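Novice: Below is the structure I would like to discuss, written out as structure tokens.
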Amino acid sequence: MANLGYMQLVRHCNQYCRICSNPETPYVLDLETARRELDDFAERGYQGVILTGGEPSLSAIVPQIVRDAIDRGLSVRMITNGSRLADGALADEYLAAGLRHYHVSLYSSRAQVHDAITCVKGSHALACQAIGNLCGRGAVVNLNTVINRLNCDHLDELARLVIERLGGVRHVVINNLDPSMGRAETNREMLHRLEDMEVSLHRALTLLQASGRTFRVERVPLCYMAEFAHASTETRKIVKQEERTIHFLDEKGTVRQTSFRHAKAEVCGACTLDAICAGLFEMGHGYDAGELSPLFVDREAIERRIRSAPGEDSSGIAGQAGVH
């Protein structure tokens with residue numbers, strides 16, 4: 001198992017993503033509290049910690065948190081929009097502290113679409129520059145994206161961008177939009193139908209697989225993943241009986257997640273993958289149960305593939321400004 005913990009360092013951000021479901025607050029994590037949270041992860045035998053926000057690079061204590069985590073035997077990652085890591089000096093500071101694994105958010109292959117989502121002109125260029133800076137310095141760089149109405153029809157273009165121009169990226173995390181909170185709830189026009197993403201998602205995963213890259217997909221029911229069911233974040237955690245702990249910087253406090261199941265439709269009961277499918281996140285609040293349909297495929301073959309996968313599981317990296 002690869003249990004990973006999340007720490008929100010800040011709840012503010014230097015971008016204004018229309019799809020963000022992580023409401024902004026003035027709270028900032030202090031070093032003393034951070035160390036208690038790291039102790040919690042270490043005592044639970046977690047493999048690592050993921051630094052998130054808001055935009056975590058806005059925190060002044062990142063290098064010290066990284067060093068403290070490593071001292072406790074925890075691996076460290078950061079989810080970031082990349083804008084500040086386009087500065088090579090900051091990248092060097094983080095790398096010197098031991099932070100060598102990053103998840104950089106990029107929402108489209110098309111600069112104008114990405115910038116329209118973040119509401120910051122030039123943010124696409126900065127994210128790509130950050131990826132180049134980090135890969136060029138030997139860091140592990142994954143790419144995060146969030147499916148929404150503006151990009152749902154060209155996810156395969158983003159896969160091609162990774163393959164053709166961002167060659168150092170070897171792992172991609174694709175999250176379905178969470179429409180329940182923050183700007184994502186306000187900007188309802190950003191919500192897509194599942195059928196809108198089906199073809200381009202399949203093309204994207206096919207391209208990534210053919211290129212030898214790994215990938216995870218979160219909050220997408222298995223009837224929209226078919227041959228890629230093994231890459232579902234929730235399915236992997238259900239099969240492997242993993243958990244994750246999130247230390248929030250708001251009234252939610254600490255959340256320990258041991259169940260990864262969402263709502264199901266009546267037709268799901270006939271599906272051979274029902275036991276390992278999470279269902280549909282926010283069904284009824286944004287997504288329609290009428291878009292779900294049963295599959296009749298070999299569940300045990302999928303479970304065997306998940307259990308036999310070598311090495312560290314890179315799943316479970318939630319999108320939209322970290323976790324929510």
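Novice: Name the residue, out of LEU155, LEU161, LEU90, LEU126, that is touching a residue at least 24 places away in the same chain (Cβ under 8 Å) and either closer than 18 Å to SER59 by Cβ or among the basic types (Lys, Arg) (or both). Even if it seems obvious, please write down each step before you answer.
Specialist: Values: LEU155 fails: either closer than 18 Å to SER59 by Cβ or among the basic types (Lys, Arg) (or both); LEU161 fails: either closer than 18 Å to SER59 by Cβ or among the basic types (Lys, Arg) (or both); LEU126 fails: either closer than 18 Å to SER59 by Cβ or among the basic types (Lys, Arg) (or both).
Exactly one of LEU155, LEU161, LEU90, LEU126 is touching a residue at least 24 places away in the same chain (Cβ under 8 Å) and either closer than 18 Å to SER59 by Cβ or among the basic types (Lys, Arg) (or both), namely LEU90.
Novice: Mind listing whichever residues of segment 1-29 are surrounded by fewer than 20 Cβ atoms within 10 Å (Cβ to Cβ) and either free of Cβ contacts under 8 Å to residues at least 12 places away in the same chain or among the hydrophobic types (A, V, I, L, M, F, W, C) (or both)?
Specialist: Passing the criteria: MET1, ALA2, VAL28.
Novice: Collect the residues in segment 176-210 that are more than 16 Å from the chain's Cα centre (by Cα), surrounded by 15 or more Cβ atoms within 10 Å (Cβ to Cβ), polar (S, T, N, Q) and not in a helix (DSSP H, G or I), keeping them in residue-number order.
Specialist: Result: ASN187, single match.
Novice: Which of (1) at pLDDT 90 or above; (2) assigned to a loop (DSSP other than H, G, I, E, B); (3) within 30 Å of GLU185 (Cα to Cα); (4) not small (Gly, Ala, Ser) is the odd one out, the single condition CYS268 does not satisfy?
Specialist: The single condition CYS268 does not satisfy is (2).
Novice: Just to check your reading of the model, which residue among ARG236, ARG244, ARG216 is modelled with pLDDT under 95, crowded, with 18+ Cβ neighbours inside 10 Å and basic (Lys, Arg)? Full working, then the answer.
Specialist: Values: ARG236 fails: modelled with pLDDT under 95; ARG216 fails: modelled with pLDDT under 95.
Result of the check over ARG236, ARG244, ARG216: ARG244.
Novice: Right, next: Filter segment 29-76 down to the residues that are farther than 20 Å from ARG256 by Cα, touching a helix residue (DSSP H, G or I) at 6+ places or on another chain (Cβ under 8 Å) and among the aliphatic types (A, V, I, L, M) and list them by number.
Specialist: LEU31, LEU58, ILE61, VAL62, ILE65, VAL66
Novice: For segment 192-204, give me the residue count where each residue is touching a residue at least 40 places away in the same chain (Cβ under 8 Å), within 20 Å of ASP178 (Cβ to Cβ) and not polar (S, T, N, Q).
Specialist: 8
The values are calculated or read from the model by the stated rules, or taken from the named source; none is laboratory data. The model shown is predicted, which means the values in this text are computed figures rather than measured ones. Don't worry about glycine lacking a Cβ; one is built from the backbone with ideal geometry, like all the others, and counts go over all protein chains shown.
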